Structure formats: C-alpha cells, structure tokens
Amino acid sequence: MSDRESGDEQQQQAQGEQELATRTLTIQSKRFYLDVKQNRRGRFIKIAEVGAGGKKSRLLLAMSTAAEFRDYLTEFSDHYSSLGPPNPENLPEDGKLKSEMITKDNKRYYLDLKENQRGRFLRVAQTVQRGGPRSQIAIPAQGLIEFRDSLTDLLDEFGTDDQEGQSELPESKYMRVENKVFYFDIGSNRRGIYMRVSEVRSNYRTAITIPERSWARFRDILSEYVDKNSSTKKEGE
DNA sequence: TCGGCAG
C-alpha cells in the first residue's frame, strides 16, 4: 500500500507534476484532500477521498470542470435541504434523487444525489478508463456546502485557466435511440486519439473506447450490416 | 457507526 503510494509520488515527480495548494476536510470520519496540481498539460484539481477504513478513491478535474462542479454543488445542496426526512416509501427505483452530467474536455462526469440506509450522499463518477481503478467519490450530503467552500477557495486562488491548446479535438456528439442515449467523445492520451462511446440509460451506464486507427474498420463492418439489412428488407417487400 | 449494488 505505502509502496504503491511512494510509487505514485515518484511517478508524479518524474512527470514533472507539482502541487500548488492543498485543502483537507473531514466529513463524518471521511477525509477529503483537494489538491491543485500542475503538469505540462495544465492545471487540475485532484480530489482524494479516504474512508475510515483507509479505503481510497480519487477524481481528477480540469479547472474549468471543477468550476462547473462547484456550481452544481450549490444546486445539489439546495436540493438536499429542500428534501424532507428520508422516506423509503417513495424513493425512486434507482435511488437517485437528482442527477446531473458534466461534459468537459471530452470526459463525462456523473453527479448523482443518492440515498441508502446510511443517509444521503452525492456520488461523483467519471467514466472509467479500461483496466484502471474506478474513478468516483461519495460526499455525505451534510458536507456538500463545506466541500463547495473549500473548492471555491482553491478556484478563487488559482483561477479557472486551463490547458488552452488542448481542446482542438472535435466536439462531442450524441444520438438518442429508443430509451438510451449514445455519446461520442473524442479524447487523446499518450497512446493516441480515441473515441469513447457511452451508452446511457436511466439506471445503467457503460462505455467502450475505440482507437482512431480502427475507426475505418468499424465503419466498414457497420456498412456491411447496413447494406445486408437493407437488401434483406428489399427482398422482404 | 461508517458507507455508498454491478454488468
């Protein structure tokens, strides 16, 4: 565990990552570390959650994303305060009391105010990278304001200026099909350019990542099926 | 008190 920790640190050093500021807050025996960091791609905020049992999870947000997130925190907190006492009778099927989605820098973040036996909390989840750890945190609803205030401090101090030249990637597109929505997001990492196709239903989300070098083959395969399908339709008529 | 239902 601490081996992995120091491994991370070393990797960060090697990547020229520097920490500009940090805030710590404790909400119901959970600790949150909000760090402003910077590497050659720009500034970002790292949110780390450490549970009572030492369980960790983290979330990375570009500054502009963090600003948008901050605004939603107010909204979610307002919504939370407007709720009556927990009422197991009329809880939505999926347990989500309010949902929002942030799309920035070709990444999707899902904000869900949820409720379980323990109480209400805001879950913030980013579409997971294949093979990587799931990227999500859960903030107890009682601490949303405090969380927002800490985030605001950092944003006020370090601005919302992001990596500028990074958004030369194509705009996201989406498509509604029956009861689902598909999102097409173009992103890039050290391995190259890729398309992330997310399928979003009311209570189910999943995504696949398609490397750019295989797009043409995807298109060809789709065309094949489309052509075959339209010819069988003709024959049927 | 301590935790957050997935594929």
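The values are calculated or read from the model by the stated rules, or taken from the named source; none is laboratory data. None of the values given here were measured: they were computed from a predicted structure. Every residue, glycine as well, gets a Cβ built from its backbone with ideal geometry; the counts of neighbours run over all protein chains shown. Keep in mind that these areas ignore ligands, DNA and RNA; they rest on the heavy atoms of the full protein, side chains included. Shrake-Rupley method; radii C 1.70, N 1.55, O 1.52, S 1.80 Å.
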Within region A:113-122, is there a residue that is within 13 Å of DNA strand B (Cβ to nearest atom), under 16 Å from residue A:205 (Cα atoms) and surrounded by fewer than 16 Cβ atoms within 10 Å (Cβ to Cβ)? no
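Table: residues versus (1) assigned by TED's automatic domain parsing to the domain that holds residue A:72; (2) surrounded by 11 or more Cβ atoms within 10 Å (Cβ to Cβ).
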| site | (1), (2) |
| --- | --- |
| A:139 | yes, yes |
| A:145 | yes, yes |
| A:177 | no, no |
| A:180 | no, yes |
Residue check, residue A:159 against (1) surrounded by 14 or more Cβ atoms within 10 Å (Cβ to Cβ); (2) over 18 Å from residue A:102 (Cα atoms), all met but one. Which one? (1)
Name every residue in region A:81-98 that is closer than 19 Å to residue A:147 by Cβ and open to solvent by 60 Å² or more (accessible area, probe 1.4 Å), in order of residue number. A:81, A:82
State whether the residues of region A:71-79 include one that is free of Cβ contacts under 8 Å to residues at least 60 places away in the same chain, in a strand (DSSP E or B) and either open to solvent by 30 Å² or more (accessible area, probe 1.4 Å) or over 13 Å from residue A:147 (Cβ atoms) (or both). no
Can you tell me which residue within region A:50-63, out of those that are open to solvent by 20 Å² or more (accessible area, probe 1.4 Å) and under 18 Å from residue A:127 (Cα atoms), is nearest to DNA strand B (Cβ to nearest atom)? A:57
Any chance region A:89-103 includes a residue that's within 13 Å of DNA strand B (Cβ to nearest atom), more than 30 Å from residue A:168 (Cα to Cα) and either touching a Gly at 6+ places or on another chain (Cβ under 9 Å) or part of a strand (DSSP E or B) (or both)? yes
Only one residue in A:47, A:27 is β-branched (Val, Ile, Thr) and under 19 Å from the mean Cα position of the chain (by Cα). Which one? A:47
